[in-house]
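Novice: Quick one: the structure is below, and I'll ask about it shortly.
Read-outs: derived from the displayed coordinates by stated rules, not from any lab. Just so we're clear, the structure is a prediction, and the values are computed from it rather than from any experiment. Here the Cβ positions follow ideal geometry from the backbone for every residue, glycine too, while neighbour counts run over all protein chains shown.
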Amino acid sequence: MKDAQKPDHISLGNLITYLRDGRYVIPDFQREFEWKPLDVRDLMRSIFLDYYIGSLLLWKGKSENFAALSCEPIYGYEGKERPEYIVLDGQQRLTAIHYAFMSPEKPLQNRASRFFYFIHVDKFMAEEHDEAFGYDRVTKHWLRILQNKITQFDLHIFPLSVVGAKDGNFRTGFRVTKRIGLTRRKLLKKMAMK
């Protein structure tokens with residue numbers, strides 16, 4: 001048993017980086033991604049509330065393994081693949097995490113529309129966890145909100161795609177949002193004094 005592998009733990013940040021880099025591939029024998037938008041939302045809730053979400057069974061593959069098993073990237077992956085691991089178990093969860101944090105330009109399987117996922121920060125902070133996690137179709141209305149950090153701040157909306165952004169700089173986004181909040185509070189204070 002001395003050669004038995006021990007399970008590794010991976011942080012959410014590293015997992016998202018690996019997903020963004022295209023390091024996980026799905027063998028042809030795996031079923032298609034089948035989760036509904038609500039299932040993805042429930043997984044995000046479990047992640048942020050630090051619930052156990054199961055384990056992954058991964059095989060560190062080689063180019064001949066990827067070819068022999070007709071491996072494909074995770075559903076919705078956009079970019080140049082750098083396959084490293086073949087997903088033997090956990091494909092639904094990995095794909096859901098990818099979809100929620102990367103927000104690909106692709107609808108979920110068997111859906112006509114794209115979806116995005118977010119946290120109602122005010123509800124999360126008030127520990128109203130059942131109401132804190134949301135998702136919706138990407139519409140023109142939501143696109144305007146997703147492109148405007150001040151509106152997101154005003155609505156207490158935190159899109160999960162900020163975490164998975166290509167620049168990978170979540171902390172910068174947080175600092176900008178915090179600065180906007182401080183500036184907005186100062187401005188509101190000045191207006192109240194007049």
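Novice: Show me the ranking of peptides 58-69, 149-160 by mean Cβ neighbours inside 10 Å, starting with the highest.
Specialist: Values: 58-69: 13.2, 149-160: 16.6.
Descending mean neighbour count gives 149-160, 58-69.
Novice: Further question: Which order do the peptides 30-42, 120-132 come out in when sorted by mean C-beta neighbours inside 10 angstrom, highest first? Let's see the in-between values first.
Specialist: Details: 30-42: 15.5, 120-132: 13.5.
Packing proxy ranking, top to bottom: 30-42, 120-132.
Novice: Working out 0.36 nm times the residue gap between residue 151 and residue 113, then minus their Cα-Cα distance, what length gain in nm do you get to one decimal? Can you show the working numbers first?
Specialist: Working: separation 38, 0.36 × 38 = 13.68 nm, distance 2.30 nm.
Additional length available on full extension: 11.4 nm.
Novice: Over 24 Å between Cα atoms: which of 80/166; 60/106; 80/106 fall into that group? Provide the component values of the computation, followed by the final result.
Specialist: Details: 80/166 13 Å; 60/106 28 Å; 80/106 16 Å.
From 80/166; 60/106; 80/106, over 24 Å: 60/106.
Novice: Which far-off residues, 5 or more places away or on another chain, put their amide H under 5 Å from the one on residue 136, with H placed in the peptide plane?
Specialist: When sequence neighbours closer than 5 places are left aside, the close amide H contacts are 116.
Novice: Compute the relative contact order of segment 12-193 as a whole-number percentage, counting only Cα pairs closer than 8 Å that sit 6 or more residues apart in sequence.
Specialist: Numbers: 240 pairs, mean separation 41.6, N = 182.
Taking the mean separation of contacting Cα pairs over the length of segment 12-193, I get 23 percent.
Novice: Moving to a separate point now. Can you give the FRET efficiency for residue 140 and residue 31, using 1/(1 + (r/R0)^6), R0 = 35 Å, r = Cβ-Cβ distance, to the nearest 0.05? Numbers along the way, then the final one.
Specialist: Numbers: r = 34 Å, r/R0 = 0.97.
For residue 140 and residue 31, the calculated efficiency is 0.55.
Novice: Using every pair of alpha-carbon atoms in segment 12-193, split the distances into 5 Å bins beginning at 0 and state the percent of pairs per bin, rounded to integers.
Specialist: 1, 7, 15, 18, 19, 15, 10, 6, 4, 2, 1, 1, 0, 0, 0
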